[in-house]
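Asker: Dropping a structure here in structure tokens format, bear with me for questions.
Rule-based calculations on the coordinates, nothing more; no lab input. Model, not experiment: these values are computed from the prediction. Counting neighbours? That spans all protein chains shown, and the Cβs are built from the backbone with ideal geometry, glycine included.
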Amino acid sequence: MNEEEIREEKMRKHKRVKTILKIAGLILLPAGLVFAIIGFVDIFGSMSDFEQPTKFWCFFIGFPMIAVGGMLTAMGFRREIASYTMRESAPVFNEAGKEIQPGIRSIAEAVKNTDGGTCPACGALNDKDSAFCKKCGAALSKKCPSCGADLDADAAFCDKCGTKL
């Protein structure tokens, strides 16, 4: 058996299991509902006659059957449920993205316009033309010893000539 045949066999088994889950779930759900209704009717029917309920045990069978049937059905239809949820949610996310896009642009522009003054030592924001940090006094820039280019204080290499600093 090659890899493709193995994958196809796994997919056939998976589909068979999903079918079994769907069928079992869709059988257990209504059967559990019937048992629960029988137990419910028996309890309230016996109250009006002041008799002991005789089919109270149907509750103990019906509710677990409903729970198990619901879980099996949900597992069997998981792909369909997820696909539906994705098709319903994707347009909402796309619309939200379009709504917040101007805000994100303005934040990015604000960050871009503060290009002269973040201190590499303490992270404080300084004016563009500051040479030293107003909070900790660390140098905000340095000069390349090879070409004399102005560089950020935390640069490891010159971005003009490539000299290691």
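Asker: Dipole of segment 5-70, Cα-centred, from +1 at each Lys and Arg C-beta and -1 at each Asp and Glu C-beta, to the nearest 20 debye?
Answerer: 720 debye
Asker: Given contacts defined as C-alpha pairs under 8 Å and at least six residues apart, what's the relative contact order of the chain, whole-number percent?
Answerer: 14 percent
Asker: Then there's this: For segment 48-74 and segment 139-165, what is the centre-to-centre distance using only Cα atoms, to the nearest Å?
Answerer: Going from one Cα centre to the other spans 78 Å.
Asker: Sticking with this structure for a sec: Shape of segment 3-68 from its Cα gyration tensor (a ≥ b ≥ c, root eigenvalues): rounded if a/c is under 1.5, otherwise prolate when a/b > b/c, or oblate?
Answerer: Prolate, since a/c reaches 1.5 and a/b exceeds b/c.
Asker: Please turn the phi angles of segment 65-81 into ³J(HN,Hα) values with the Karplus equation 6.51 cos²θ - 1.76 cosθ + 1.60 (θ = phi - 60°), one per residue in order, whole Hz, x for glycine and proline.
Answerer: Result, ordered by residue: 5, 5, 5, 5, x, x, 5, 5, 5, 4, 5, x, 9, 4, 4, 5, 5 Hz.
Asker: I'm checking a number: the convex hull volume of the Cα atoms of the chain, normalised per residue, in Å³. What is it?
Answerer: Working: hull volume 54.8 nm³, N = 165.
Convex hull volume per residue, Cα atoms: 332 Å³.
Asker: Measure off 7 Å from each Cα along the Cα-to-Cβ vector at residue 147 and residue 23, then give the distance between these two points in nanometres to one decimal.
Answerer: A separation of 7.5 nm, rounded to one decimal place.
Asker: Once Lys and Arg get +1 and Asp and Glu get -1 on their Cβ, which of 123, 149, 138 lies farthest toward the positive end of the dipole of segment 115-165?
Answerer: 138
Asker: Treat every Asp and Glu Cβ in segment 64-146 as -1 and every Lys and Arg Cβ as +1, leave all other atoms uncharged, and give the resulting dipole magnitude about the Cα centre to the nearest 20 debye.
Answerer: Using Cβ point charges on Lys, Arg, Asp and Glu, segment 64-146 gives about 360 debye.
Asker: Let me see the P(r) profile for segment 61-157: every Cα-Cα distance counted, bins of 5 Å, each bin given as a percent of all pairs.
Answerer: Whole-percent P(r) values from 0 Å outward: 2, 10, 11, 10, 9, 7, 6, 6, 6, 6, 7, 6, 5, 4, 2, 1, 0, 0.
Asker: Among 99-110, 10-21, how do they line up from the highest to the lowest mean number of other beta-carbon atoms within 10 Å?
Answerer: Top of the packing list down: 10-21, 99-110.
Asker: Treating only the Cβ of Lys, Arg, Asp and Glu as charged (+1, +1, -1, -1), what charge dipole size does the chain show about its Cα centre? Round to the nearest 20 debye. Provide the component values of the computation, followed by the final result.
Answerer: Details: 22 positive and 20 negative charges, 88 e Å.
Dipole about the Cα centre, nearest 20: 420 debye.
Asker: Count the net charge of all other residues whose Cβ sits under 15 Å from the Cβ of residue 143, scoring Lys and Arg as +1 and Asp and Glu as -1.
Answerer: On the way: positive: 142, 160, 164; negative: 150, 152, 154, 159.
Value of the local net charge: -1.
Asker: Another one. In terms of modelled amide H atoms, which long-range or inter-chain residues lie less than 5 Å from the amide H of residue 118?
Answerer: Residues meeting the criterion, in which the H sits 1.01 Å from N, are 126.
Asker: Considering the dipole of the chain built from charges on the beta carbon (Lys and Arg +1, Asp and Glu -1) around the Cα centre, which of 20, 53, 68 is farthest to its positive end?
Answerer: Of 20, 53, 68, it is 20.
Asker: Determine ³J(HN,Hα), in whole Hz, for all residues of segment 144-150 in sequence, where each value follows from phi through the Karplus function 6.51 cos²θ - 1.76 cosθ + 1.60 and θ = phi - 60°; x replaces Gly and Pro.
Answerer: Values per residue, Gly and Pro as x: 6, x, 8, 10, x, 6, 6 Hz.
Asker: Just flag the chymotrypsin sites (Phe, Trp or Tyr not before Pro) in segment 1-72 sitting in loop per DSSP whose Cβ has no more than 13 other Cβ atoms within 10 Å. Mind showing how you got there, number by number?
Answerer: On the way: sites: 35, 40, 44, 50, 56, 57, 59, 60; in loops: 50, 56.
In loop regions of segment 1-72 (DSSP not H, G, I, E or B), the sparsely surrounded chymotrypsin sites (Phe, Trp or Tyr not before Pro) are 50.
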